[in-house]
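Some notes on the structure that comes next.
The values are calculated or read from the model by the stated rules, or taken from the named source; none is laboratory data. Remember, it's a predicted structure, so these values are computed and weren't measured experimentally. So basically every Cβ, Gly included, is an ideal-geometry build from the backbone, and we count neighbours across all protein chains shown. These area figures cover heavy atoms from the full protein model, side chains too; ligands, DNA and RNA do not enter into them. Shrake-Rupley method; radii C 1.70, N 1.55, O 1.52, S 1.80 Å.
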Amino acid sequence: MHRLAELDRRFLWHPFTQMRDWLRREPIVLVEGQGTVVRDVHGREYLDANSSIWTNLHGHNHPQLNAAVREQLKKIAHTSALGLANEPASLLAERLVEMTNPGQQANASEASARSATGSHLLRKVFFSDDGSTAMEVALKLAYEFARRSRRSNKPKFLSLENAYHGDTVGAVALGHIDLFHQRYRGLVFKTDKVMSPYCYRCRFNRAVPERADARDYRKCHWECLEVFERKLKIQRRKGNAYAAFVFEPLVQGAAGMIAQPSGWLKEATGIAREHGALLLADEVMTGFGRTGTAALRQESAPQTKTSHPKGSGSTHRAEQRRDTPFLLACQRENVQPDFVALAKGLTGGYLPMAATLTTQKIFDAFLGKYEEFKTFFHGHSFTGNQLGAAVALSNLKLLETPNSSNARRVLETTLTAELKRLWARSKVGDIRQVGLCVGVELVKSWRTREPFSLRERAGIRVCEAMSRRGVLTRPIGNVVVLMPPYCSTKAQVQKMVSAMDEAIAEVL
Ligand SMILES: *Cc1c(COP(=O)(O)O)cnc(C)c1O
């Protein structure tokens with residue numbers, strides 16, 4: 001066994017890992033990478049098929065990102081944001097505001113940001129370190145805002161079934177994956193959950209299984225939206241409307257790549273607003289072009305039995321400029337949230353850094369005389385880190401090049417084309433692709449949708465067999481994830497899908 005592998009086994013405790021299983025074999029120790037390829041201590045090469053847990057965008061060892069780090073290092077690595085400003089953080093905040101309000105003037109005046117037409121703009125950026133802390137910031141802001149605006153003394157939050165918003169205690173409170181969250185119930189505050197649209201396993205979907213994404217052949221009347229609306233109505237009748245509806249837009253990642261049918265997000269967020277909730281979008285995984293670049297077609301807007309008022313409340317948006325691809329999932333359904341949490345892809349997967357964006361109105365609620373103590377009492381040692389901000393700026397520059405958006409478009413169609421062959425496997429129940437994220441749900445038999453029990457470790461075994469074929473990814477229960485870096489070539493995507501195909505044949 002390699003010395004580094006031995007040291008790891010002796011001293012490390014790995015996240016979300018049963019360490020008894022871990023200690024049974026030699027871990028892969030990665031030392032280098034280039035593009036989609038990573039290399040271990042023995043010189044063996046692998047494809048990074050989940051972009052190093054959803055963080056990497058342009059590939060490893062990218063010359064421009066490397067240069068950004070080097071240039072910044074010549075100046076300074078870190079200074080505190082407590083009481084001090086810095087160059088890359090200021091520039092990055094401006095870029096993030098531009099990116100999240102496409103077609104709008106980032107430099108619009110404060111007065112216009114306070115006006116009726118400008119109040120939806122995301123104007124203020126609070127930096128932190130990772131997805132969990134970005135969510136903590138949004139949560140605390142929404143909580144305080146609800147109290148200060150006298151909307152509620154005991155603000156309550158609504159999030160989706162199977163939601164995952166991070167591992168710190170506040171973020172855990174917002175989550176609803178029983179396996180991760182139930183054991184900490186005694187430690188966290190209570191939040192409400194409501195059904196999310198999981199078409200493949202939806203109790204309202206009357207369609208018999210087909211060899212296609214369940215969203216495309218579902219038979220329902222959007223009952224999920226009726227359930228959703230009822231939940232918000234009941235809470236409002238109690239005189240304590242939800243402070244915020246917290247959601248992952250378009251696809252719930254850690255829930256198992258649960259993809260929302262087109263139109264759901266627009267409708268659900270419209271209903272939430274109508275019932276007094278602010279919108280808190282967790283774009284930690286979906287941000288930065290991960291869910292695809294084009295606007296979703298609007299023809300497929302939901303028709304429910306009790307027709308919902310359409311597009312209520314949420315949007316004033318200038319026409320999207322043709323040449324700027326969408327970078328947020330929310331933008332694809334023309335939804336304008338009050339809070340957006342960004343992390344994973346913010347630095348292109350280079351450094352831990354996160355941002356929470358919000359509106360002028362929320363910001364204003366924290367203004368006052370010093371002794372009123374309306375200050376937002378929150379901050380981390382590395383808030384606004386200069387190295388991280390410098391590489392994030394370079395990452396955004398890359399994302400906005402025509403080359404990058406073309407590469408993403410090509411990668412999206414390549415994935416769609418390659419994934420088709422997996423339908424030939426009877427153990428594949430559903431294939432959900434949203435832009436550049438894919439979840440393949442493994443089942444005992446596609447005709448019955450019968451799931452493997454977690455004990456059978458179907459997802460883990462398939463991923464292990466993929467790793468033996470030189471493709472690295474991690475499962476979520478019975479769902480195998482593919483989330484390639486944007487620079488992945490067609491041949492690399494083919495190899496990822498073949499490895500999965502063969503692995504399923506081998507172990508199931
Ligand atoms: C990963 C993730 C988080 C947590 O981010 P960390 O950086 O791991 O703290 C939160 N929300 C979503 C949607 C995520 O995918």
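Structure data summary
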| item | result |
| --- | --- |
| Answer from VAL69, VAL29, VAL37 - the residue that is at pLDDT 95 or above, in contact with a His (Cβ under 7 Å, 6 or more places away or on another chain), among the β-branched types (Val, Ile, Thr) and surrounded by 11 or more Cβ atoms within 10 Å (Cβ to Cβ) | VAL29 |
| Every residue from the range 139-177 that is in a helix (DSSP H, G or I) and either within 13 Å of the ligand (Cβ to nearest atom) or under 19 Å from the mean Cα position of the chain (by Cα) (or both) | LEU139, VAL169, GLY170, ALA171, VAL172, ALA173, LEU174 |
| Single condition ALA142 does not satisfy, out of (1) at pLDDT 95 or above; (2) surrounded by fewer than 22 Cβ atoms within 10 Å (Cβ to Cβ); (3) in contact with a Leu (Cβ under 9 Å, 6 or more places away or on another chain) | (2) |
| Unique residue being modelled with pLDDT of 95 or more, surrounded by fewer than 19 Cβ atoms within 10 Å (Cβ to Cβ) and closer than 26 Å to THR293 by Cβ when the list is ARG449, ARG432, ARG474 | ARG474 |
| Exclusive hit being among the β-branched types (Val, Ile, Thr) and within 12 Å of ILE504 (Cα to Cα), set VAL462, VAL471 | VAL462 |
| Residues (within 16 Å of the ligand (Cβ to nearest atom) and open to solvent by less than 10 Å² (accessible area, probe 1.4 Å)) located in the range 110-138 | SER128, ALA134, MET135, VAL137, ALA138 |
| Residue match in the range 55-66 (condition: at pLDDT below 95 and either open to solvent by 50 Å² or more (accessible area, probe 1.4 Å) or away from the ligand (no atom under 16 Å from the Cβ) (or both)) | no |
| Helices (runs of 4 or more DSSP H) completely within the range 197-302 that count 3 or more residues being among the charged types (D, E, K, R) and more than 16 Å from the ligand (Cβ to nearest atom) | 223-237, 264-274 |
| Boolean, HIS78 is within 26 Å of the chain's Cα centre (by Cα) and farther than 29 Å from ALA108 by Cα | no |
| Wholly within the range 338-455, strands (runs of 3 or more DSSP E) carrying at least 3 residues that are more than 27 Å from PHE127 (Cβ to Cβ) | 428-434, 437-445 |
| Residues of the range 399-425 classified as open to solvent by 20 Å² or more (accessible area, probe 1.4 Å) and either more than 30 Å from ALA458 (Cβ to Cβ) or touching a Ser or Thr at 6+ places or on another chain (Cβ under 6 Å) (or both), total | 8 |
